[in-house]
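Asker: Okay, handing you the structure first.
The values are calculated or read from the model by the stated rules, or taken from the named source; none is laboratory data. These numbers come from a predicted model, not from an experiment. Ideal geometry is used to build each Cβ from the backbone, glycine not excepted, and the neighbour counts take in all protein chains shown.
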Amino acid sequence: MIWNEAKECMSRDELEALQSARLVKQVNRVYHNVEYYRKKMQAAGLEPGDIKGIEDLDKLPYTTYQDLRDTYPFGLAAAPRSELVRVHASSGTTGKPKIAVYTRRDIDIWAECVARCLSMAGITKDDIIQVGYGYGLFTGGLGAHYGAEYLGAMVLPMSTGNTQKLIDMMIDCDVTSIACTPSYLLHVAEDLEKAGLVDKIKLKSAICGAEPWTDEMRDQMEARLHIKAFDIYGLTEMMGPGVACDCEYHKGLHIWEDHFLPEIIDPSTLKQLPKGSDGELVITNLTKEGMPLIRYRTKDLTSIEYDKCECGRTMARIQRFRGRSDDMLIIRGVNVFPSQVEAALLTVEGTTPHYMLVVDRVDNTDTLEVQVEVAENFFTDEIKSLEKLSKTVHDKLKMAIGLNAKVKLVEPNGLEHFDGKSKHVTDKRKLYQ
Amino acid sequence: MFVKQISVFLENTEGRLDEVLKILAQGGIDILSASLADTMEYGVLRLLSKEPDKAKQILKDAGFAARIDDVIAVVVPDAVGSLAKVVGMIHAAGINISYIYGLSIDGEGAPIAIKTDDNAKAEAIIKAADVKTLGMEDLQ
């Protein structure tokens with residue numbers, strides 16, 4: 001079912017005209033309301049009048065994660081404080097989080113975007129949906145919740161952490177759909193199988209996101225739970241979940257181009273690439289008022305297909321993510337940068353900053369092992385001191401990245417010593433094919 | 001009077017102990033006594049040798065984390081309750097024992113190595129009770 005046919009099936013000409021009009025308006029808005037953007041544009045020798053449509057998009061400077069940090073918390077807000085109604089923040093970052101602020105209209109548009117995604121997954125107002133994302137600063141819980149309510153479905157705001165209750169209520173309340181991370185859904189599937197309850201559920205669909213997943217995982221979910229599973233994409237900086245979602249043909253994730261203007265750039269030359277190229281996904285908020293981002297570098301590597309989809313939608317499709325142009329990892333839905341681990345390790349006396357992150361997926365749950373070299377000056381003949389070191393590292397990491405990592409002490413020089421920090425990671429999950 | 005103990009950090013992987021012992025053998029180190037304290041993932045190998053400094057250097061050159069610590073080598077008299085008596089004296093003095101292990105050194109009694117958080121005081125107490133302790137010169 002198509003929620004908003006007028007928009008989702010727009011002709012390319014009409015869509016581009018709409019995008020151009022919205023881009024011009026947005027550029028004017030940020031130029032006049034956000035000093036940071038104004039200075040950036042002035043430094044590039046740009047005035048709002050230089051941007052006449054989407055063909056001028058590549059004249060605009062990029063916005064990066066660093067810009068968000070530099071302007072924390074509200075330096076990029078483009079609406080007066082009295083119009084801002086909500087704040088969200090990205091997970092797992094040390095120090096200052098990446099935050100996003102929303103006006104009431106932003107929240108409404110977000111809800112509609114999510115409703116479009118849920119519709120794409122066949123969900124209607126007759127469905128009963130459990131939201132198994134965390135509720136709080138993380139966009140997952142409230143984002144999916146508002147979207148499902150906007151659609152008119154009945155929502156069970158389960159949040160995370162109590163799988164038994166989720167399963168009980170799934171059965172008791174005849175739940176027909178679930179929104180959660182793909183790894184969590186597989187975990188739920190396992191518990192349902194163990195308890196012999198798969199026949200008792202009425203689940204028809206799942207909308208999974210917040211971490212990359214594979215076709216193989218989709219096949220598993222669909223076969224084990226007898227459901228249809230859909231991939232929803234989003235990022236806090238742009239809005240949250242619901243920026244894009246895949247339809248029943250699974251030919252990529254339809255991005256809501258009337259609100260999010262996508263482009264692909266070469267992450268090394270920073271030049272915009274022709275349609276269909278492989279590169280880094282860059283998105284511009286066309287309608288966001290609270291904190292619109294102009295040419296935000298997502299660091300996700302992909303390509304975009306623009307031909308009309310069999311489902312009838314004309315909205316372009318983001319193809320499978322091939323990795324990231326930075327070294328960020330998504331572990332149990334939490335964003336982790338190896339540099340955060342490095343910073344945390346440097347505060348532990350006695351360890352060299354030589355470390356290796358080993359990420360794996362065991363029983364459908366991401367695992368993180370941090371291998372740390374025991375420096376000679378720390379090494380003692382007493383096991384208890386070494387155990388204390390392990391615990392200190394664990395606790396510092398927990399504080400820095402918000403995850404419980406398994407700490408493994410290794411011999412000095414036991415790890416290969418690399419200059420580039422991206423080599424500090426071994427990801428065994430094979431999430432990118 | 002203490003003896004110098006060499007300790008080495010070892011990852012708990014197959015063949016690692018074999019490797020470290022071979023390296024020491026190749027370096028001509030005569031190991032008088034060995035004890036391995038192990039956890040799930042790593043272990044600390046504690047050794048006594050007549051040439052602790054040389055042994056440490058060989059290990060260091062081979063990339064191991066090694067160190068030398070003083071431990072008290074106590075010749076526990078061959079009688080029921082002797083070990084309990086030694087430990088009891090140390091405990092009564094409010095000194096914490098970090099670890100104890102048996103030494104395979106020939107001679108009378110049952111030699112053990114004791115590491116405490118105050119070796120000097122512990123050794124004085126032991127000697128005052130007429131229990132013999134060994135020094136490096138006693139290592140054969």
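Asker: Conditions first: (1) under 21 Å from A:LYS275 (Cβ atoms); (2) surrounded by 19 or more Cβ atoms within 10 Å (Cβ to Cβ); (3) under 21 Å from the mean Cα position of the chain (by Cα). A:ILE54 passes all but one, so which condition is the exception?
Answerer: Answer for A:ILE54: the failing condition is (3).
Asker: Considering region A:329-347 alone, what residues qualify as being surrounded by fewer than 19 Cβ atoms within 10 Å (Cβ to Cβ) and touching a residue at least 12 places away in the same chain (Cβ under 8 Å)?
Answerer: A:SER339, A:GLU342, A:ALA343, A:THR347
Asker: Another question, if that's okay. Quick one: what pairs do we get from region B:39-61, first residue without any contact (Cβ under 8 Å) to a residue 40 or more places away in the chain, second hydroxyl-bearing (Ser, Thr, Tyr) and buried (at least 20 other Cβ atoms within 10 Å of the Cβ), C-beta under 8 Å, 6+ apart or different chains?
Answerer: B:VAL44/B:SER7; B:LEU45/B:SER7
Asker: Inside region A:96-212, counting only helices (runs of 4 or more DSSP H) that do not spill past its ends, which hold 3 or more residues that are hydroxyl-bearing (Ser, Thr, Tyr)?
Answerer: In region A:96-212, the matching helices (runs of 4 or more DSSP H) lie at A:139-151.
Asker: Go through (1) touching a helix residue (DSSP H, G or I) at 6+ places or on another chain (Cβ under 8 Å); (2) farther than 16 Å from B:ALA65 by Cβ one by one and return the number of the condition A:THR392 breaks.
Answerer: Just one mismatch for A:THR392, condition (1).
Asker: Among A:ASP381, A:ASP366, A:ASP327, which is the only one that is part of a loop (DSSP other than H, G, I, E, B) and away from chain B (no Cβ under 14 Å)?
Answerer: Of A:ASP381, A:ASP366, A:ASP327, the one residue that is part of a loop (DSSP other than H, G, I, E, B) and away from chain B (no Cβ under 14 Å) is A:ASP327.
Asker: Filter region A:222-231 down to the residues that are in contact with a Lys or Arg (Cβ under 9 Å, 6 or more places away or on another chain) and assigned to a helix (DSSP H, G or I) and list them by number.
Answerer: A:GLU222
Asker: Is it the case that A:GLU373 is within 12 Å of another protein chain (Cβ to nearest Cβ), in contact (Cβ under 8 Å) with a residue 12 or more places away in the chain and among the acidic types (Asp, Glu)?
Answerer: Taking the combined requirement at face value, the residue satisfies it.
Asker: Here's something else I'd like to know. Against the condition free of Cβ contacts under 8 Å to residues at least 40 places away in the same chain and either away from chain B (no Cβ under 13 Å) or more than 20 Å from A:THR160 (Cβ to Cβ) (or both), how does A:LYS396 come out, does it pass?
Answerer: So A:LYS396 does not fit the description; no.
Asker: In addition: I want to confirm something. Restricting to region B:95-112 and keeping residues that are aliphatic (A, V, I, L, M) and within 14 Å of another protein chain (Cβ to nearest Cβ), which single residue is farthest from the chain's Cα centre (by Cα)?
Answerer: Checked region B:95-112; the qualifying residue farthest from the chain's Cα centre (by Cα) is B:ILE97.
Asker: Taking region B:107-135 as the region of interest, how many residues are surrounded by fewer than 16 Cβ atoms within 10 Å (Cβ to Cβ) and closer than 19 Å to B:PRO52 by Cα?
Answerer: 1
Asker: From A:VAL359, A:VAL282, grab the single residue that is in the same structural domain as A:ALA405 (by TED's automatic domain parsing), within 19 Å of the chain's Cα centre (by Cα) and in a strand (DSSP E or B).
Answerer: Sole residue among the options that is in the same structural domain as A:ALA405 (by TED's automatic domain parsing), within 19 Å of the chain's Cα centre (by Cα) and in a strand (DSSP E or B): A:VAL359.
Asker: Okay, next question. Filter region A:406-433 for residues that are away from chain B (no Cβ under 14 Å) and under 12 Å from A:VAL341 (Cβ atoms); which is modelled with the lowest pLDDT?
Answerer: Selected residue: A:LYS421.
Asker: On to the next question. Only residues in region A:235-264 that are surrounded by fewer than 22 Cβ atoms within 10 Å (Cβ to Cβ) count as the first member; pair them with residues that are charged (D, E, K, R) and not in a strand (DSSP E or B), Cβ under 7 angstrom, at least 6 apart or cross-chain, and list the lot.
Answerer: A:TYR249/A:GLU310; A:ASP258/A:LYS7
Asker: More than 18 Å from A:ILE123 (Cα to Cα) and in contact with a Cys (Cβ under 9 Å, 6 or more places away or on another chain): which single residue out of A:ALA223, A:ALA210, A:ALA229, A:ALA244 fits that description?
Answerer: A:ALA210
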